[in-house]
1. Looking at segment 101-137 only, could you name the residues that are within 15 Å of the chain's Cα centre (by Cα) and on the phi > 0 side of the Ramachandran plot?
2. Which pairs turn up if I take residues in segment 1-27 that are in a strand (DSSP E or B) and look for partners that are surrounded by 12 or more Cβ atoms within 10 Å (Cβ to Cβ) and among the basic types (K, R) with beta carbon separation below 8 Å, at least 6 apart in sequence or on another chain?
3. Whether any residue in segment 42-52 is more than 26 Å from G116 (Cβ to Cβ), touching a Phe, Trp or Tyr at 6+ places or on another chain (Cβ under 7 Å) and surrounded by fewer than 18 Cβ atoms within 10 Å (Cβ to Cβ) is what I want to check.
4. Tally up the residues in segment 6-38 that are more than 23 Å from K120 (Cα to Cα), surrounded by 14 or more Cβ atoms within 10 Å (Cβ to Cβ) and not aliphatic (A, V, I, L, M), please.
5. With respect to the numbered conditions (1) over 13 Å from the mean Cα position of the chain (by Cα); (2) without any contact (Cβ under 8 Å) to a residue 60 or more places away in the chain, which one is the sole condition not fulfilled by P75?
6. Among the residues of segment 40-63, which ones are free of Cβ contacts under 8 Å to residues at least 12 places away in the same chain and farther than 26 Å from I141 by Cα?
Amino acid sequence: MKLRTTEPWMAAADYGRTLRGLTINLLVRDTDAALPFHREVLDAGVVYADPDFVVLRRGEAEWMLHADHTYRDHPLHGSLGAEVARGVGAELRLHGRDPDAAEAAARRLGYDVLDGATDKPHGLREAYILDADGYLWVPDIAIRA
């Protein structure tokens, strides 16, 4: 369920196609409550913010916050209880890595695949894979417009 009542700054699929390198996507209970830490402690600039989604930037680093309520259909949703450490919601996204090839390798080597390679509405084909320490990696490629 989205709480945003206005149009976003950019279509999700268009934004997804701009991403390169490694990005961080953090799940937060409340985007407004999370902003002071990122703005003041980390000295990040806010590129865009609404009750559902935030894009932050400091120097060349850019990262995102998604409110828990936007992840109802996400493979991690059931892990977002109040008693769980918030780090479980972190995604390490590797842009430009073919998710089908990554999924195949992960399955061959016995790693947990939470969600196989799938085209997503935000313009990326991605897979959700846990490494041996439980970190969630999301290799992705842009879907051609």
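1. Listed by number, the list holds a single entry, G123.
2. Going by the 8 Å Cβ cut-off, the qualifying pairs are L22/R93; T23/R93; I24/R93; N25/R93; L26/R86; L27/R86.
3. Yes - at least one qualifying residue is present in segment 42-52.
4. 1
5. Condition not satisfied by P75: (1).
6. Across segment 40-63, the qualifying residues are E40, V41.
We did not get these values from a lab; they are worked out from the coordinates using the rules stated. Computed from a predicted structure; not experimentally measured. So basically every Cβ, Gly included, is an ideal-geometry build from the backbone, and we count neighbours across all protein chains shown.
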